[in-house]
Every structure is written in C-alpha cells, then in structure tokens.
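The values are calculated or read from the model by the stated rules, or taken from the named source; none is laboratory data. These figures come from a predicted structure and were not determined experimentally. Please note: Cβ atoms are built from the backbone with ideal geometry, for glycine as well, and neighbour counts cover all protein chains shown. Ligands, DNA and RNA are stripped out before the accessible areas are found, and what is left, the full protein with its side chains, is counted by its heavy atoms. Shrake-Rupley method; radii C 1.70, N 1.55, O 1.52, S 1.80 Å.
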Amino acid sequence: MDRRRFISQTSLASLGMAFLPGIVTDVSAISISDTMNNFENAKSHKRFRPKYKSGFGGVAIGNGFHENPNIECLQAVEAAWNAGVRYYDTSPWYGLGTSERRLGLFLKDKPADEYTLSTKVGRILDPKENFDVTQAIWKGKMNFGYKYDYTASGVRRSVEDSLQRLGVSSIDIVYIHDLSPDNGDMKQDWLKYFEIAQKGAMPELTKMREEGLIKAWGFGVNTVEPILKAMEVADPDIFLSACQYSLIHHVDDLNKVFPKAAEKDISIVVGAPLCAGFLSGKDRYLYGGDFPTGVKEKLAALKKVADRHKVDLRTAALQFCAAPDVVSGVIPGAHTVEQATENAASFSTVIPADFWAELKKEKLIAANAPIPKT
C-alpha cells in the first residue's frame, strides 16, 4: 500500500471512527472497573506501572504474519478501548513504523492521562522505498529500512521519531528493544551492543525519566539474560518479557526473573502470552517458524483439561500470565474487533479453582506458579 493511499484511508477512518460497524461506541455503557478490577495493579509501588494489567500488543496491527487492512486494525484498537483496555504497546520495529502510525491515529484524540503507552528504542528508521524485510514477520510494502543505535543520542532521536509517527505528545514507557542473544542480526555480538547501551541508552533513559519526559524504562526482549544483566548494571523500572511466560513455558521467568525483579520493585509486562496465537488456535509457535519438541503435546494436554472444566484455553492463558503480583501488564495482540473484545473479556471471566488445581496435579504448570484469585 503506498503512502498516499494509507493517509487517505486512515484519515477517513479517523473522521468516521464513532460510526465504525460492529463496535460499541458508547464508552459509558462499559464499566472499566467491572471488566478489569480483578487485575488492577496495586497503587503502593514506587515505580510506575500501568493501572490495569489488561493490555493491547501492537504486533498484529503492524502487519505481523500477514497484511491487515487499516480499517480493520483501527476498529480493533477502538474495540479494545471500549472494552476497557488502557495499556497499549507498540514499536518502530512493528511493521517498520506501521504499528505506531495506526495506533497513534486512534490515541492522538484521547487524553494522555487516560491511557498508558509504551514503545521501544534501538532501531532508527530511515526512508527506503520497497525495503526487503523478508528476514522478519512483517508483511506488506515497507517504505523504511532500519539501523541499530543504542547510543544516548540514538535513543533520544528514536523517542522523538516515535512521537512524530504516533502523533502524541508523550510516551509513558520506553523499552530497549531486541538487545538479546536471539536477535538474528546480533547473535553472540549482543554483548557488544549491550555495552553500548549500558554507556548510552540506559543512562539517557534514566535522564529522560528524571526530566519527566517518560515515566519508566526497561528492556523489551525475548530471553531472560538481558533482563538479569540490566538489573545488575542500571536502574530500570519495568521489563517487557516476551516468549518467556505462558502456559507452555514459564519456569525461567518464574524462578530467575520474577524474584529479582520483585526485590527491586520492578514489574514485568508479559509479551506473547498466547505464544503468537499458538494457544488460541493458530498453527504457529512464537516467531521462529518451528515447533519446539513437546509443545504440541503439551497444548493437547492443556486442551483436555480445559475441555473437562469447560474453560476457554485462551482465557486461561491470559489470566495465568496476569496472576503474578510482579506482572503489571499482559499484552496479547489483535487486529480484529472479535480478537480485541475477546481478549479484554478474558480478564473478567471466572475460571474454577479446580481447573488450576488439575493443571498443577498433572504438572502442566509449575507447582509454584501463581494462579488467579477466584
């Protein structure tokens, strides 16, 4: 899709937002407290946290896995808002600017004190017509390339660029993105990038927090090593830990990351709580294209228990991720109204205690894993 067509379609969508089909437009008809009160973050923490744990991840509206229409994505964001969701996460990397532009088109008309917004730094986008991004999951036409920059000036520029793409005046949380050994561009060189970030990005983000330009910062990564290392050398507030806490795999976050984070009053936002759709019926597991040994068998076992207790497995997966006190957000992705509303509704659904008890008895979840309060 060319830029003129994008601007034309999204402008029309903005003007007609209140009349989009299939969306509840009377926000007053929905009580946010009724929807999210079971997963509201405590107010006793010194470090910043989103008010509610139910969030919206921006991968899908950045054309993750397949190209999604602009109108459909905007409808999904509004549906999430009308269902009570007030935490939205995005990144310059998601569709190389696409996710930020789409999300910002909706949020720019909302009071900034009514929602929490996070984005990421580490990649600077540069104009490049028909950029080939076949090494990633993004689909559709790309008009930007990228380069890594974890310096102080780089993260400052990245935040400023994101504000422009989003069309908003402030960002609450900034995550240092994909500085991790699973990054195919870096691999074992990630430690060299980490050293640059330790001298540049980390102190600069702390400075931006002290200046009041942002409220919190941390890392947004798919492995635990960078999170543990960052807690040793800097003063982060919050981490987006993706791919590491779900019904399928959670022991590393649970036993290595959560205790150390809790000691410092640092909170965790859980990314990929549905394993990129694997726990909601998609034929994929996370972002690598392969199915690790045992994951399909574990999914089948989880489904059997869920069926016996008449529990929706997707709902259980989201509530499981939100249960630990150290978790301050859970951000499943969505690009349709149905997905967004179902995800939000999962946080107000009651799941019987016997379901969780059987999961522990069958050793499908760790014995020490927190479970939702009933």
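For this structure, a couple of remarks:
- Gyration tensor (alpha-carbon) shape descriptor, the range 115-167, a/c threshold 1.5: prolate
- GluC sites (Glu not before Pro) restricted to DSSP loop in the range 197-235 with at most 12 other C-beta within 10 Å: none
- Derived scalar couplings between HN and Hα for the range 334-345 equal 7, 9, 10, 4, 4, 4, 5, 6, 5, 4, 5, 5 Hz in order, rounded to whole Hz, by the Karplus curve 6.51 cos²θ - 1.76 cosθ + 1.60 (θ = phi - 60°), x for Gly and Pro.
- Only Lys, Arg, Asp and Glu carry charge here, each on its Cβ (+1 for the first two, -1 for the last two); on that basis the chain has a dipole of about 160 debye about its Cα centre.
- Straight-line cross-link reach from Lys139 at under 20 Å between alpha-carbon atoms covers these aspartates and glutamates, not counting any fewer than eight positions away in the same chain: Asp2, Glu67, Glu72, Asp89, Glu100, Asp126, Glu129, Asp178, Asp185, Asp283, Asp290.
- Alpha-carbon centroid distance for the pair the range 100-125 / the range 308-374, whole angstrom: 27
- The packing ranking of peptides 293-299, 234-240, highest mean first, is 234-240, 293-299, where packing means the average number of other beta carbon atoms within 10 angstrom of each residue.
- Per residue, the chain exposes 43 Å² of solvent-accessible protein surface, assessed with a 1.4 angstrom probe and all protein chains in place.
- Shape call, the chain: gyration tensor on alpha carbons, a/c limit 1.5: rounded
- Cα gyration tensor category, rounded, prolate or oblate, for the range 140-181 with a/c compared to 1.5: oblate
- Ser348, Ser328, reordered so the largest accessible area comes first (probe 1.4 Å): Ser348, Ser328
- Of the residues Ile238, Asn130, Leu74, the one whose Cα sits farthest toward the positive end of the charge dipole of the chain, with +1 on the Cβ of Lys and Arg and -1 on the Cβ of Asp and Glu, is Ile238.
- Relative contact order (percent, whole number), the chain, Cα cutoff 8 Å, 6+ residue spacing: 19
- Spatially proximal aspartates and glutamates relative to Lys207 (Cα-Cα < 19 Å; intrachain offsets below 8 disregarded): Asp149, Glu160, Asp161, Asp172, Glu195, Glu232, Asp235, Asp237
- Alpha carbon centroid spacing (whole Å) that separates the range 231-262 from the range 154-207: 18
- The portion of the accessible surface of the chain made up by carbon and sulfur, rounded to a whole percent, is 50 (1.4 Å probe; DNA, RNA and ligands excluded).
- The Rg/Rh ratio of the range 194-317, with Rg taken over Cα atoms and Rh as the Kirkwood radius over Cα pairs, comes to 1.07.
- Entry note, the chain: the mean residue ellipticity at 222 nm calculated from DSSP H runs of n ≥ 4, each adding -39500 (n - 2.57), is -10500 deg cm²/dmol after division by the residues and rounding to the nearest 500.
- Summarising the overall dimensions of the range 271-346 from its C-alpha atoms, the Rg and Dmax are 12.6, 33 angstrom.
- Listed residue pairs exceeding 18 Å between alpha carbons, taken from Lys304/Lys361; Lys282/Lys363; Lys256/Lys298; Lys53/Lys363: Lys282/Lys363; Lys256/Lys298; Lys53/Lys363
- Residue-wise HN-Hα couplings along the range 94-108, as the Karplus relation 6.51 cos²θ - 1.76 cosθ + 1.60 with θ = phi - 60° gives them from phi, are 6, x, 6, x, 4, 5, 4, 5, 5, 5, x, 4, 7, 6, 4 Hz; Gly and Pro carry x.
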